[in-house]
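The values are calculated or read from the model by the stated rules, or taken from the named source; none is laboratory data. Note that the structure is predicted; figures quoted are calculated from it, not measured. Positions of Cβ are generated from backbone atoms using ideal geometry, with glycine treated the same way; all protein chains shown enter the neighbour counts. Note: areas computed on protein heavy atoms with side chains; ligands, DNA, RNA excluded. Shrake-Rupley method; radii C 1.70, N 1.55, O 1.52, S 1.80 Å.
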Amino acid sequence: MNRRELLKYGALGLASSYGLFRLPAFAQSPFPQPRTLEVRRADGVVEAQITARQGNLILSGKPARLMTYGGFPGPILRVREGETVRLNFTNNLPEPTNLHLHGLHVPPSVDDPLAVIPPGESRLYEFAIPKGSAGTYWYHPHLHGRVAEQLYAGLAGLLVVEGPMDALPELKGAEEHFLVLKDWAFSGDQIPAWTQMDWMNGREGNLLTVNAAVRPTLRAQKATLRLRLLNASNARYYRLALENHPLYLIATDGGFLEKPVELTELPLAPGERAEVLVRLSRPGNYRLQALPYDRGAMMMHGSMNGMRGDQGMGQGMGGMGDAGMMGPMMGMGATHLETLLTLVAPANPKPLPLPASLAPVEPLEPSRAAATRRLVLGERMMQAEFFINDRMFDPGRVDIQAKLGTLEVWEIVNKTDMDHPFHLHTYPFQVLSRDGKPAPYRAWKDTVNLRKNETVRIAVPLRDFSGVTVYHCHIVEHEDRGMMGVLEVRP
């Protein structure tokens, strides 16, 4: 495909794909709290049922044909450290799927990324929740070649682990809310077929939602809020900021930090989670906003003409068929500020103090690493083919073979002109440095973003479980198109 054909194909595809929904300029609705999954709990064992199915959902006042776990987001599975979970998953979709317990430190034989569950069949996921793993995780499909389309269609839900730290007065007294951030694109009531541009960039939609609501209003009853945040989008990045308020980061992908970290903005790459405290010290309405972010993806210039203020990606992306489509390429992502929700403070707010300390985060010593590995992220953009160390994913090939009980250092190098969020299954890691600069604080992670031409070093302790698992880019179109590798950990 040459450049002229690519521009023509991309213009036609994007024009047809993003033709239904327009983000209303001042849409408001009550804040919807995701439902909690009903469980049976006895003698430290939790039993629950999750079913994937097709169904209709109303988004922005219009019907949409989706795949979900009984609505979007799926129900919250809430468990406790030390419990054993027996989760029965049933596939009522008309196609195969599976279930990935994203971020949980459980055996690869349980959270098998290569499993295939045919239509009408079930699988039992039985696992123990490790001590010290309190945090915010999620579940979603991981069937190679179909991840992008199934995740985009609505197959995502939260998995919350509670632990002793949640009993801290400064946390227990906070008002807890769950925010699942996701964008959508429709043609009629259907999600359209992927275009070449979608496979190249990862699909971004023109309808931005929080828990499937457009710009909802969250009326706080307390002055201190604990927000659990998940970026469940295929490819969209969120650079979050709350008007006139800092965000106090208390947990990342793998659980609590050692103490709160004050931030003016919080970036969330696809697949990442974070927990923040918000302290409301005066009454008023405050917008949670997504600030502009250029992730280096390509799109057709001209569709952005005429956007202003809070229209941003919403109406701009909806106009992909407009004149000017054939202009030069430019970065995708938010080019204007986007309002995600409005937070209404109570009339006489009295926020709680911040916790002085949270959970200890074990220091890892890179000098004791049994191996240091280099993983280079590459691409053939025009063919929408993506690589790690010059190899596309092959489920029958082991790319890294490691020894159980050892510590490794992985140097991940992004040699592309686009951001890539790197995700490792089973084994939480710590970020050591970015382009040689030490990480500002210790934290357990399972997903780390790499900017274009950036090098990130991570420390990976290979503990507790042997088996075969994977690592990959969490722009899931790139995962489906080859940017994934196989890790085998042997006893």
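In percent, how large is the relative contact order of the range 420-491, given Cα pairs closer than 8 Å and 6 or more residues apart? Before the final figure, lay out the partial values.
Values: 125 pairs, mean separation 25.8, N = 72.
Once divided by the residue count of the range 420-491, the mean separation gives 36 percent.
When the chain is fully extended, how far beyond the present Cα-Cα distance does Glu362 get from Arg391, taking 0.36 nm per residue of separation? Present the calculation step by step, with values, prior to reporting the outcome.
Values: separation 29, 0.36 × 29 = 10.44 nm, distance 3.38 nm.
7.1 nm is the gain from fully extending Glu362 to Arg391.
Here are a few candidate values for volume of the Cα convex hull per residue in Å³: (i) 158; (ii) 137; (iii) 188. Which one was actually calculated from the structure I just gave you?
Checked against the structure: label (ii).
What FRET efficiency would be calculated for the residue pair Val398, Asn348, taking the C-beta separation as r and a Förster radius of 45 Å, to the nearest 0.05? Mind dumping the intermediate values first?
Values: r = 61 Å, r/R0 = 1.35.
Here the calculated transfer efficiency is 0.15.
Ranked highest first by average number of other Cβ atoms within 10 Å, how do 462-473, 50-61 line up? Could the numbers behind the result be given before it?
On the way: 462-473: 20.6, 50-61: 15.8.
Ranked by mean Cβ neighbours within 10 Å, highest first: 462-473, 50-61.
Over the Cα atoms of the range 333-491, Rg to Rh with Kirkwood Rh, two decimal places? Intermediate results must be reported in sequence, preceding the final value.
Working: Rg = 18.8 Å, Rh = 17.7 Å.
The Rg/Rh ratio comes out at 1.06.
Taking the Cβ of Leu155 as the centre, find all other residues whose Cβ is under 13 Å away and add up their charges (Lys, Arg: +1; Asp, Glu: -1). Please report the intermediate quantities before stating the final value.
Details: positive: Arg53, Arg146, Lys182; negative: Glu95, Glu149.
In short, +1.
Could you give the semi-axes, largest first, of the ellipsoid that matches the range 144-208, computed as the square roots of 5 times the alpha carbon gyration tensor eigenvalues and rounded to whole Å?
Working: eigenvalues 256, 36, 20 Å².
Semi-axes, largest first: 36, 13, 10 Å.
Indicate the gyration tensor shape class of the range 236-289 (rounded, prolate or oblate), computed on the Cα atoms with a ≥ b ≥ c the square roots of the eigenvalues: a/c under 1.5 is rounded; otherwise a/b larger than b/c is prolate and the rest oblate. If you can, show how the numbers build up before the last one.
Numbers: a/c = 2.69, a/b = 1.33, b/c = 2.03.
Verdict is oblate for the range 236-289.
Show me 265-278, 90-103 ranked by packing, highest mean number of other Cβ atoms within 10 Å first.
Details: 265-278: 22.3, 90-103: 20.1.
Packing order, densest peptide first, comes out as 265-278, 90-103.
Antiparallel DSSP bridges in the chain: what percent, to the nearest 5? Write down the numbers at each step before the final one.
Numbers: 95 of 132 bridges.
Roughly 70 percent of the beta bridges in the chain run antiparallel, per DSSP.
Take Tyr441 and Leu337, extend 7 Å from each Cα along the Cα→Cβ direction, and tell me the distance between the two endpoints in nm.
2.5 nm
Please list, in order along the range 385-401, the HN-Hα scalar couplings obtained from phi with the Karplus expression 6.51 cos²θ - 1.76 cosθ + 1.60 (θ = phi - 60°), rounded to whole Hz, x for Gly and Pro.
Running phi through 6.51 cos²θ - 1.76 cosθ + 1.60 with θ = phi - 60° gives 10, 10, 9, 10, 6, 6, 10, 7, 4, 9, x, x, 10, 8, 8, 10, 10 Hz.
Given a cut-off of 30 Å, name the pairs among Lys415/Lys445; Lys182/Lys452; Lys350/Lys445; Lys172/Lys403; Lys415/Lys437; Lys62/Lys350 whose C-alpha atoms lie farther apart than that in the structure shown.
Numbers: Lys415/Lys445 22 Å; Lys182/Lys452 23 Å; Lys350/Lys445 33 Å; Lys172/Lys403 40 Å; Lys415/Lys437 18 Å; Lys62/Lys350 40 Å.
Check vs 30 Å cut-off fails for Lys350/Lys445; Lys172/Lys403; Lys62/Lys350.
When ligands, DNA and RNA are left out and all protein chains stay put, how many square angstrom of accessible area per residue does the range 19-168 have with a 1.4 Å probe? It would help to have the intermediate numbers written out before the result.
Details: 5820 Å² over 150 residues.
On a per-residue basis, 39 Å².
What does the extension gain come out to for Glu121 and Leu57, with contour length at 0.36 nm per residue minus their alpha carbon separation?
On the way: separation 64, 0.36 × 64 = 23.04 nm, distance 2.41 nm.
Contour length minus the Cα-Cα distance gives 20.6 nm.
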